[in-house]
Amino acid sequence: MPNNVDVFVCNYQGNLLAGVDEVGRGPLAGAVVAAAVILDPASPIEGLNDSKKLTEKKRERLSKEIKEKALSWALGRAEVEEIDELNILHASLLAMKRAVEALPVTPEYALIDGNKCPDINISCEAVVKGDSRVAAISAASILAKVSRDQEMVELDQQYPGYGLAKHKGYPTAVHMKALKEQGVSSIHRRSFRPVRECLE
């Protein structure tokens, strides 16, 4: 379990519990990526925590360990066009739904990071700050973060000049300056105000 005194106690006591989290609500560019993970109680993983509280090196190491030891894991995503069409909240829920539905092993119960649950066909429960309170959600946050960060490094090669590899699409001063100088690319979220203002 994460080193956090406020540990969430779940009523579900079986072994097919999925933790679900997403990464990428705040950036101005790129998809929102979610992960769902069913951990194996017989193969505990030390050091799980909210991905934002871990170093990049530790996240990458844990990501490999999670993929090796978990009973099941999967990624889901919502693309930039879906974010612009649905809004970021609904796109995030869609990405989480896709992650759960992509699991090779069907969970019996799911714990979702945040205060809303996606529309899935299994019993689920939202857990505020779940990524630092529930091991399976921590694992999901790590897989989603590592996957999305790698994707942004790759997109930096395709869309140079914005600094995507460094800021991962978040609205930093460097990113805002590049947006004004280079204009809006096809991977920018046009429904987000800073991007919309550049278009106007």
- line: Filtering region 143-179 down to residues that are part of a helix (DSSP H, G or I), within 21 Å of GLU22 (Cβ to Cβ) and of a type in the set (Val, Ile, Thr) yields VAL146, VAL153
query: Do we have ALA144 as buried (at least 19 other Cβ atoms within 10 Å of the Cβ), out of contact with any helix residue (DSSP H, G or I) (no Cβ under 7 Å at 6 or more places or on another chain), modelled with pLDDT of 95 or more and over 22 Å from PRO107 (Cβ atoms) here?
result: no
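Over 26 Å from LYS64 (Cα atoms) and among the aromatic types (Phe, Trp, Tyr) - does that describe any residue in region 164-187? It would help to see each step written out before you state the result.
Step one: filter region 164-187 for residues over 26 Å from LYS64 (Cα atoms), giving 171-187.
Imposing the further condition that a residue be among the aromatic types (Phe, Trp, Tyr) reduces the set to none.
Scanning region 164-187 turns up no residue that is over 26 Å from LYS64 (Cα atoms) and among the aromatic types (Phe, Trp, Tyr).
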query: Which of the following residues is under 28 Å from ALA178 (Cβ atoms) and of a type outside the set (Val, Ile, Thr): SER51, SER43?
result: SER51
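For (1) closer than 27 Å to ASN121 by Cα; (2) of a type outside the set (Ser, Thr, Tyr); (3) touching a residue at least 60 places away in the same chain (Cβ under 8 Å); (4) buried (at least 19 other Cβ atoms within 10 Å of the Cβ), each residue gets a yes or a no:
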site: GLN13; (1), (2), (3), (4): yes, yes, no, no
site: ALA42; (1), (2), (3), (4): yes, yes, no, no
site: LEU54; (1), (2), (3), (4): no, yes, yes, yes
site: ARG61; (1), (2), (3), (4): no, yes, no, no
site: ILE66; (1), (2), (3), (4): yes, yes, yes, yes
site: ALA78; (1), (2), (3), (4): yes, yes, no, yes
site: LEU93; (1), (2), (3), (4): yes, yes, no, yes
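Residues checked against (1) within 18 Å of ILE88 (Cα to Cα); (2) not hydroxyl-bearing (Ser, Thr, Tyr):
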| position | (1), (2) |
| --- | --- |
| GLU151 | no, yes |
| TYR170 | yes, no |
| HIS188 | yes, yes |
| LEU199 | no, yes |
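Taking only region 152-166 into account, find how many residues are under 16 Å from VAL32 (Cβ atoms) and either β-branched (Val, Ile, Thr) or in contact with a His (Cβ under 9 Å, 6 or more places away or on another chain) (or both). Lay out the reasoning, then the answer.
As a first pass, look at region 152-166 and keep what is under 16 Å from VAL32 (Cβ atoms): 152, 155, 164.
Okay, now just the ones that are also either β-branched (Val, Ile, Thr) or in contact with a His (Cβ under 9 Å, 6 or more places away or on another chain) (or both), so 152, 164.
Going through region 152-166 one residue at a time, the tally reaches 2.
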message: Conditions first: (1) more than 25 Å from LEU48 (Cβ to Cβ); (2) touching a Lys or Arg at 6+ places or on another chain (Cβ under 6 Å). VAL184 passes all but one, so which condition is the exception?
response: (2)
message: Residues that are in contact (Cβ under 8 Å) with a residue 24 or more places away in the chain, among the basic types (Lys, Arg), farther than 16 Å from ASP84 by Cα and surrounded by 21 or more Cβ atoms within 10 Å (Cβ to Cβ): does region 185-193 have at least one?
response: no
task: Please state which one of SER138, SER92, SER132 is under 20 Å from LYS58 (Cα atoms) and out of contact with any Leu (no Cβ under 7 Å at 6 or more places or on another chain).
output: SER132
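The values are calculated or read from the model by the stated rules, or taken from the named source; none is laboratory data. Remember, it's a predicted structure, so these values are computed and weren't measured experimentally. A quick note on method: Cβ atoms are made from the backbone with ideal geometry, for glycine too, and the neighbour counts reach across all protein chains shown.
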